[in-house]
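Peer 1: Mind having a look at this structure? Questions to follow.
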Amino acid sequence: MARAATLLVLAAIVGAALVSPAAATGKTGQVTVFWGRNKDEGSLREACDSGLYTMVIMSFLNVYGHGKYNLDLSGHPIAGIGDDIKHCQYIGVPVSLSIGGFGTGYSLTSKQAALDLFDHLWNAYFGGSKPGVHRPFGDAWLDGVDLFLEHGTPADRYYDVLALELAKHNIRGGPGKPLHLTATPRCTFPPAGYLKKALDTGIFERVHVRIYDDGNCEAYWQLAWDKWTKAYPATKFYVGMTASEMTHGWIHPKNVYYDTAPFSQKAENYGGFMIWDRYYDKQSNYTSIVKYYA
Ligand SMILES: *[C@@H]1O[C@H](CO)[C@@H](O)[C@H](O)[C@H]1NC(C)=O
């Protein structure tokens, strides 16, 4: 009797799973977070140790393109970060560096500027060791570069040169290691020409499509998502969401479960979620809920 009742309950659960929209296939469990936008978010090590994220992207290298470079981590003390990076990598969380951001101190208007930027990145954060190039994180070797190009003009048309140089150093099986090349645009499709030209190389591993803080994206992200995922079939796509309820376009976890996740996971090249950012996430615990839907 008790056994039959159990079976009935089980049947009901299986039945519910079959009709529930959350039964979409294609979950990956991948969650990338941005770190470095607020000193009060805790250390990089703490972010990795939370167990919530499968990749952390530091932001931003916000000045480049004219012989000057600046890393802006919102006042985080730089001293311990090299060790934190190694710790994150040791526990299986790759750490990437995002270039660009919300300031206006960057541009890429010549091939030489693109090659110089590559040279700077490689020697300051990856496998290079050029005399005179300061390595803020010591001998820690980062795992990737992200393009977060909030600003650009038609003259900024050399990001493809940068991308190709970085791809050349995506070393698998050799003495080096893979370099994850990613981009984090707003949802609008097609993207601005300066980013499109880079993405059209087809060598980007991941794109995080931001669907918050943009009226157009909030309303029409599903249309854009279809276009993005079809345009770059070799790239994995991540749904970029905000962890802050105060930000426009915040999605209630319930709606992530019933709508955002199953819809985005229909794409064969769905990659996971991107959460903006660690500071908000630490306050709201958003990822601790939505990671199960990713
Ligand atoms: C988030 O989690 C932390 C640690 O468990 C807890 O102290 C805090 O109250 C939580 N915040 C919210 C908004 O639930």
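The values are calculated or read from the model by the stated rules, or taken from the named source; none is laboratory data. Note that the structure is a prediction, hence the values are computed from the model and not measured. Cβ coordinates were reconstructed from backbone atoms using ideal geometry, including for glycine residues, and neighbour counts include every protein chain displayed. Side chains included, ligands, DNA and RNA excluded: accessible areas come from the protein's heavy atoms. Shrake-Rupley method; radii C 1.70, N 1.55, O 1.52, S 1.80 Å.
Peer 1: With charges set only on the Cβ (+1 for Lys and Arg, -1 for Asp and Glu), what does the dipole of region 50-180 come to about its Cα centre, in debye to the nearest 20?
Peer 2: About 280 debye.
Peer 1: Between Asn70 and Phe102, what is the spin-label point distance in nm, taking each point 7 Å from the Cα along the Cα→C-beta axis?
Peer 2: Computed distance between label sites Asn70 and Phe102 equals 1.6 nm.
Peer 1: Related question: For a 31 Å ceiling on Cα separation, which of these pairs sit above it: Lys177/Lys230; Lys230/Lys282; Lys27/Lys227; Lys177/Lys236; Lys177/Lys254?
Peer 2: Lys230/Lys282; Lys177/Lys254
Peer 1: Got a sec? Which residues in region 50-79 would a label at Ala155 touch, if it sits 7 Å along Cα→Cβ and we count backbone N under 14 Å?
Peer 2: Flagged as within label range: 65-67.
Peer 1: Please give the helix 2-19 orientation as an angle from the longest Cα principal axis of the chain, in degrees from 0 to 90, rounded to the nearest 10.
Peer 2: Rounded to the nearest ten degrees, it is 50.
Peer 1: Using a simple charge model, +1 on the beta-carbon of Lys and Arg, -1 on the beta-carbon of Asp and Glu, nothing else, what dipole does the chain show about its Cα centre, in debye to the nearest 20?
Peer 2: 600 debye
Peer 1: Would you calculate the separation in nanometres between label points at His248 and Asp49, each defined as 7 Å from the Cα along the Cα-to-beta-carbon direction?
Peer 2: Between His248 and Asp49, the simple spin-label model gives 3.8 nm.
Peer 1: Further question on the same structure: Taking 0.36 nm per intervening residue step and subtracting the Cα-Cα distance, what contour gain separates Ile91 from His134 on full extension?
Peer 2: Going from the current span to full extension adds 12.8 nm.
Peer 1: Post the alpha-carbon centroid distance, region 264-294 to region 56-106, in whole angstrom.
Peer 2: Region 264-294 and region 56-106 have Cα centres separated by 21 Å.
Peer 1: In straight Cα distance, which lysines are under 24 Å from Lys111, not counting same-chain residues fewer than 8 positions off?
Peer 2: Correct list for Lys111: Lys68, Lys130, Lys168, Lys196, Lys197.
Peer 1: Using the alpha-carbon atoms, what tilt in degrees (0 to 90, nearest 10) does helix 81-90 show relative to the longest principal axis of the chain?
Peer 2: Result, in degrees: 40.
Peer 1: Hey, another quick one. Considering only the chain, what is the antiparallel percent among its DSSP beta bridges, to the nearest 5?
Peer 2: Here the share of antiparallel DSSP bridges comes out near 5 percent.
Peer 1: Of all the accessible heavy-atom surface of the chain, with the other protein chains kept in place and a 1.4 Å probe, what percent is carbon and sulfur?
Peer 2: Ligands and nucleic acids excluded, carbon and sulfur give 57 percent.
Peer 1: Right, here's the next one. Within region 113-220, which trypsin sites (Lys or Arg not before Pro) sit in a loop by DSSP and count at most 12 neighbouring Cβ atoms inside 10 Å?
Peer 2: Qualifying residues, ordered by number: Arg172.
Peer 1: I've got another one for you. Just from its helices, what would the mean residue ellipticity at 222 nm be for the chain, if runs of 4 or more DSSP H residues each count -39500 (n - 2.57) and the sum is divided by every residue, rounded to the nearest 500 deg cm²/dmol?
Peer 2: -10000 deg cm²/dmol
Peer 1: Run through region 257-294 and list the trypsin sites (Lys or Arg not before Pro) located in a DSSP loop whose Cβ has at most 16 other Cβ atoms within 10 Å.
Peer 2: The qualifying sites are Lys266.
Peer 1: May I ask for the longest run of the chain untouched by GluC sites (Glu not before Pro) that are loop-located per DSSP and have at most 14 neighbouring C-beta atoms (other than their own) within 10 Å?
Peer 2: 1-244
Peer 1: Mind checking region 49-113 for trypsin sites (Lys or Arg not before Pro) that DSSP puts in a loop (not H, G, I, E or B) and that have at most 11 other Cβ atoms within 10 Å?
Peer 2: Lys68
Peer 1: Give, rounded to the nearest 20 debye, the magnitude of the charge dipole that region 125-272 has about its Cα centre when Lys and Arg contribute +1 at Cβ and Asp and Glu contribute -1 at Cβ.
Peer 2: Computed charge dipole of region 125-272: roughly 420 debye.
Peer 1: Counting only heavy atoms of the protein chains, get the accessible area per residue of the chain (1.4 Å probe) and round it to a whole Å² value.
Peer 2: Dividing the accessible area of the chain by its residue count gives 45 Å².
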